Every structure is written in structure tokens, then in C-alpha cells.
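To keep things clear, I will list the structure first and then write my remarks on it.
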Amino acid sequence: MLWEDLLILLPAAWYQLAAFLFAALFHYLCALGHLSLISRYVVSIPAAMPRAVCIHGYFLGLSWLSPVPSSCSRLSKGHLVSSRYIFLLAGGCLLAGTAMGSYATLLLIPAVSSVLMLLLVSPAYVHTWVFILQMCWQTLCHLGLGSLVLEPQDTRPAVTLSAIMLLTQKVTSLALDIHEGTVLPQPGQGLLQRALPLCSYLLFFPALLGGPLCSFSKFEAQVMSLGGVPCPLRAVGWRYLGVLVLQVLRAWLEGWLPCMQGWASMGHMWAQALLYRLAYYSQWVLDEALLEAAGFGAAVEHRDLSGHDLWTLETTHRLAVFSRTWNKSTSLWLRRLVFQRCPAQPLLATFAFSAWWHGLRPGQIFGFLCWAIMVEADYRIHPFLSSRATSCVAKLLYRGTTWVFTQLIIAYIQMAVETESFSMLCLLWTSYNTELGVAQLVMSSLSKADAGLSP
């Protein structure tokens, strides 16, 4: 087994590993105080406050923070912008140029455009404008980059598309915060002071190529508090060890894959889907390790993968539970952006938008449509079956059978989503694995009919 094979996770993995030293350096400089805490303004200090200074909307004394008094409300034009925001933004631009090459312009153009819209468009309409323009740009990038014929080792288009998709998450989430009034504009500041935190949030290097979504408020609060807590090297080390274990397991399973039967085999399909899941698990752990190394672990409210989540994903007998746990921060983003705002058929609309966000390939459209139908069937089947499993033997049989069924349905959906050619999708459709979905729909119809006949 080659050591290079252990690090082939997703295209962005190599660059995130290289960014680890840059993240540790950022945290180290913040801890030493070499990077300014917040924006510093040149102000006239009253005689009664000889040892205090007004900073970015706060009154900073020797060791405490309080709201700015009215005497410090007027700031002079001379100022120094926060070096922390500049470091994070410069690191993001450097990482984008290194990982994407000339394709980095496809990421920088929507980032700058989004910042201008967030600053200039009214909060009542900013979410609509940002959502439409960002999704149109992302769709054009999917269509354009997906049609390129490149060498297999050229990962730049894939890395660029991944970064654009993550940018869509951050910019739509921020626009929705502004629209709902949870993030308010800072009055009395110049364009640079307002734009720099937004640009830094959209392009900061620890979350440029991957990572769970964190809100702008959490990001800004974490930037302000960096340096007070030492770098969690032990937690980062355990995460990297977890990545290594997952990749060893993935390499071992990949060695057994040729011993299984062809494409139509359920065992082969399940093993291939498990390989995909292990790759995603490794990438998510690597993403969170980079955020931890840079000091942004506390800014993430919902991690994409924890030990409990990993156990839930592989042991649950409910497809609905798997769907809520899989890629948790993205699931919560979709729930807020689509599910909670859709007046009719929110479940179907959420999965349809997820297919659009992922690129609208035939396999993605088919896979996410199947996913939505199977989750709807899951909500109907399990109350019906669990109510009839009264004895211990019946409950054990119910959980064991539904777990196997759920694993095979997940594998079928993942194989469909990951399929890039239409011919392979047709081969998957004509295989007897499709009978799994048909059986689930029949059971769903029977359980609904039984519920209708019940008194």
C-alpha cells in the first residue's frame, strides 16, 4: 500500500494539509499579540480617560470592554484596519491561487460582487439578489468546468467548484442574516471597514476549500477572541490520526472490492458506496482539523462529523435520521434556506435545490429525487412497523431488517449521485437494485392504506 494512496481523499485534501502550518502560524501570531485584536482608530481621548482608547465600536480600557461613550463617537479619518482580517483574507487568496491557478478568478469575481451587494442593496431585497446571482454563477461554472476535457490528475476545476459551492453557502447565509436583521450594518464606518470583514469571512483560508459552515456573527466573535486560548494541538493531532485510520480502512476495503461481483451485485454496490462515505468522512475530519488549528473550532456550532455522528450514520435503521446527520452543517443550511421557507412540498423542494446546488448532472437529479421519495416513504413505514413490533424478537428483527434495507438504499442513492455518465446511470436503473426502492414504495403505500383503514 502506497502512502500516497492514504492521502487521496478529495482533490482539496493536499492543499488543506499544506495550509495546516499557515493556520498554526496565524494562531501563534494571535497568541503573541503580533496581529491586532480589532480595528484601531485614531481618536481624541478625553482628559478623564487618559489610558483608554475607542476601538471599532467598543471602549477598551486596560483589561475590560464596555460600550463606547458618546464622547468617543466621532472617529477621525486616520485608521488601521485589523491585521487579523487581512491575514485571513491574504491566506485565502494565496490558497485559492495555489489550488486553482487561473480558475481562482471564478471564485474571486462572485465573492467581490456579493460583498458589494451586501453593502449596497437594501436588507429587504439583499437575500433575493444574492441568491439569484450566486446560484446562476455557480450553475454556469458547473456547466462550463464540467464540459472541460482535462488530464485526470488536474484537480483545479474540481477544487474550484467545491470552493464556489462553499461560497454559496456562506454568502446566502450571511444575506439571510442581514435580511432577518440578525446582522446589522455598522453606521459611521467607511467602505473599507465594512467590506474587509465580509471579504475575510467569505474567503478566509481555513474554510475556503472545505469545512462546516459557521455564521458571520460566530466568525467575527472568534476573530475578536483569538489568542486567549492556546492552539488545541492535541485535538488537532487526534483528528489527523482519525483521518489516517479512516484511510487505512478505506485502502483495506478497496483491496477487497475486486473480489466481489460486478456492478449489479448488492454487495459490490454497498462496498463501493462505503468507500465514498469513508472518503467524505476523512475530508470532513480534515476540514475540522484545519479550523481547529487556526483557532476557529469554537465558531462552528454544528460539526459535519463527530464520533456520535459517525456511529449514527452507520448504525441507524432510519433513512430520515441518516439524512439529517449526513453533512450536518449543509443539511441545516438547506433546512433554513429552503425547507423552512417553502410553502408547498418543502421536502421535495429541498432535495430538488440540493441537486441544483450539486450541479444538476443526470445522476444527481435522479439520486436526489430518489432520496426525497425514500425519505417520505421512511416517515410512513417506520411508525407502521414499529407499532407492530411488540416482542423483543420482533423488535430485533425489525431493527436488523430495516438497517440492512436502509444501508442498501443509501448505497443505491450514493452510487446514483456519484455516477457521471448517463450510460452507467441507465445500467444502475436496470439492475435489480432498483427493486429496493420499489419495495419501499409498496410498503409505504400499504402502511398508508392500513392507517386509513384504522379506526
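The values are calculated or read from the model by the stated rules, or taken from the named source; none is laboratory data. The shown structure was predicted, so the numbers you read here are calculated from the model rather than taken from an experiment. Here Cβ is always computed from backbone atoms with ideal geometry, including for glycine, and neighbour counts include all displayed protein chains. Side chains included, ligands, DNA and RNA excluded: accessible areas come from the protein's heavy atoms. Shrake-Rupley method; radii C 1.70, N 1.55, O 1.52, S 1.80 Å.
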Quick one: grab the alpha carbon gyration tensor of region 334-427, order the square roots of its eigenvalues as a ≥ b ≥ c, and give me rounded if a/c is under 1.5, else prolate or oblate depending on whether a/b is larger than b/c. oblate
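What order do you get for 415-421, 295-301, 202-208 when each peptide is scored by the mean count of other beta carbon atoms within 10 Å, highest first? If you can, show how the numbers build up before the last one.
Working: 415-421: 18.3, 295-301: 20.9, 202-208: 27.1.
The most tightly packed comes first, giving 202-208, 295-301, 415-421.
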I'd like the Karplus ³J(HN,Hα) series for region 83-99: coefficients 6.51, -1.76, 1.60, θ = phi - 60°, whole numbers in Hz, and an x wherever there's a Gly or Pro. 6, 5, 4, 5, 4, 5, 5, 5, x, x, 5, 5, 5, 5, x, 6, 7
³J(HN,Hα) across region 413-421 via Karplus (A = 6.51, B = -1.76, C = 1.60, θ = phi - 60°), whole Hz, x for Gly/Pro? 5, 5, 5, 5, 5, 7, 6, 9, 9
Find the accessible area per residue for region 137-223; the probe is 1.4 Å, ligands and nucleic acids are left out, and the unit is Å². 39
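With a 10 Å radius around each residue's Cβ, average the other Cβ atoms per peptide and rank 374-381, 235-242, highest first.
Numbers: 374-381: 20.5, 235-242: 16.4.
So the order, starting with the most tightly packed, is 374-381, 235-242.
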Karplus couplings for region 121-127 from phi (6.51 cos²θ - 1.76 cosθ + 1.60, θ = phi - 60°), rounded to Hz, Gly and Pro as x? 7, 4, x, 5, 10, 5, 5
